[in-house]
Amino acid sequence: MSNLLDKASVILTPTAYNTSEALCVKPSDGTGDFDFSRATEATRINSLGLVETIGINLPRINYEGGCGSWLFEPQSTNLFDYSEDFSDSFWTKDVATISSNSIISPDGTQNASTLVSSNTTSQQLIKGSFSVISGNDYTVSFFAKKKDFDYIQIRFEGRGAPFQAGGVWFNIDNGTLGTQETGYTGTITDYGNGWYRCTSTATATSSATATIRVQLASSDNSSTIVGNGTDGTYIWGAQTEALSYPTSYIPTSGSTVTRNKGLCTNGGSLASINSPEGVLYIEAAALAAITEERRIVLSNGTNTYRVIIRITAPDTIKFFVGVVSNQASHTATGVVTTNFNRMAISWKENDIRFYLNGTNIFTDTSSNPFPADTLNILNFSSPDGSSNPFFGKTKCAAIWKEALTDAELISLTTL
């Protein structure tokens, strides 16, 4: 594959950035670099595996899982006023106490708390509240690390509230998901050093104030523990957002905080793209398994001439080439879009080929060529640079000024 990349005219990998720019490996003179915008700070997992804040309009190279990728996310708001200071009165303590700054947190500082049990047998927890709108999905997340108890629970309170009572259990001893009660879905993700990010998602059935619990648990599907006044669980980084999936951590310290969306657009140039023939290659993963359409488009800035890779469902990727009108299209189903997939579109007159993970999934032998000097912009969005933004993780975007052979396309896209 390295020889193939040597032949490419545009290569964007998670390597370097400036303020408002994601920098290409090729061309190296800056003519192919991408514009980037995000009007707020945001966090990422850095190369040391720590949660780190990145400044306004700085693209994020995220190392979650150990391998770097560009992270592009939608706007989201942490609806908890205090995400780290569980001693604040925002968090109600119910038969439990908080010991602050007791251990190193996922951001590398000693600011994580211990949720300490009381010397009794009961449900023991802290809880916080936030406003919800009927019909919206909400995802609660927090980081937990085992001290004494094997499990912890996120529980939504009921009794006339906008959610039915229920929640999810998490095994923080071995990093596995426990019981998910009806109406709730959960995830647990290993963040290293014994820390796990636990999430629970549900849909609000009315517009009102909701209350969630972070609750000690010693076994799956059990809400009562035998406390002793000293045993507990480490916690940090609580977040609630009006989405059906969790996004990167948004710290708060007294009020809700919004992280704006990140847009990566305007890469490439007429000098680096050959319109009559070429290849667009993307290695990327969707941020979540949702039906919202997300696009990566090579075009002339309009819908007249365009080469499109778009994720339209949790298991669907669509490939499209348009020369004025529809030229060639194909829908690939059964794809896990939240996994990294290698996708390529090769085009020239009477020869359009789509490749996915080492397989030729479509060929068109009766296609019209693009006129010279038409394709000149690569956007992680629609051609207008704003609609249908691609929210996900990207390891590589590349363009060739020639149509590649089948053997080269197989080599390029094989996982």
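The values are calculated or read from the model by the stated rules, or taken from the named source; none is laboratory data. Quantities reported herein were computed from a predicted structural model and do not represent experimental measurements. Quick reminder, even Gly has a Cβ in these numbers, built from the backbone with ideal geometry, and neighbours come from all protein chains shown.
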For the range 323-356, the count of residues that are at pLDDT 95 or above, buried (at least 18 other Cβ atoms within 10 Å of the Cβ), farther than 20 Å from residue 71 by Cα and among the polar types (S, T, N, Q) equals 1
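Conditions (1) farther than 30 Å from residue 108 by Cβ; (2) not hydrophobic (A, V, I, L, M, F, W, C), marked per residue:
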position	(1), (2)
120	yes, yes
133	yes, no
136	yes, yes
155	no, yes
169	no, no
183	yes, yes
201	no, yes
211	yes, yes
219	yes, yes
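Among the residues of the range 145-162, how many are of a type in the set (A, V, I, L, M, F, W, C) and buried (at least 24 other Cβ atoms within 10 Å of the Cβ)? Break it down into steps so the answer makes sense when it comes.
Of all residues in the range 145-162, those of a type in the set (A, V, I, L, M, F, W, C) come to 149, 152, 154, 156, 161.
After this cut, where a residue has to be buried (at least 24 other Cβ atoms within 10 Å of the Cβ) as well, the list is 152, 154, 156.
Looking only at that region, the number is 3.
For the range 34-51, state whether one or more residues are of a type in the set (Asp, Glu), buried (at least 19 other Cβ atoms within 10 Å of the Cβ) and at pLDDT 95 or above. Working first, answer last.
Going residue by residue through the range 34-51, those that are of a type in the set (Asp, Glu) are 35, 41.
From what is left, the residues that are buried (at least 19 other Cβ atoms within 10 Å of the Cβ) are none.
Looking through the range 34-51, none of the residues is of a type in the set (Asp, Glu), buried (at least 19 other Cβ atoms within 10 Å of the Cβ) and at pLDDT 95 or above.
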Give just the number: which of (1) on the phi > 0 side of the Ramachandran plot; (2) surrounded by fewer than 23 Cβ atoms within 10 Å (Cβ to Cβ) does residue 237 not satisfy?
(2)
Do the conditions hold for residue 267, that is, is it at negative phi, crowded, with 16+ Cβ neighbours inside 10 Å and assigned by TED's automatic domain parsing to the domain that holds residue 292?
yes
Within the range 182-189, can one find any residue that is more than 23 Å from residue 290 (Cβ to Cβ), out of contact with any Cys (no Cβ under 8 Å at 6 or more places or on another chain) and assigned to a loop (DSSP other than H, G, I, E, B)?
no
Whichever residue in the range 52-103 is without any contact (Cβ under 8 Å) to a residue 24 or more places away in the chain and either over 17 Å from residue 249 (Cα atoms) or assigned by TED's automatic domain parsing to the domain that holds residue 236 (or both) and, among such residues, is surrounded by the most Cβ atoms within 10 Å (Cβ to Cβ):
97
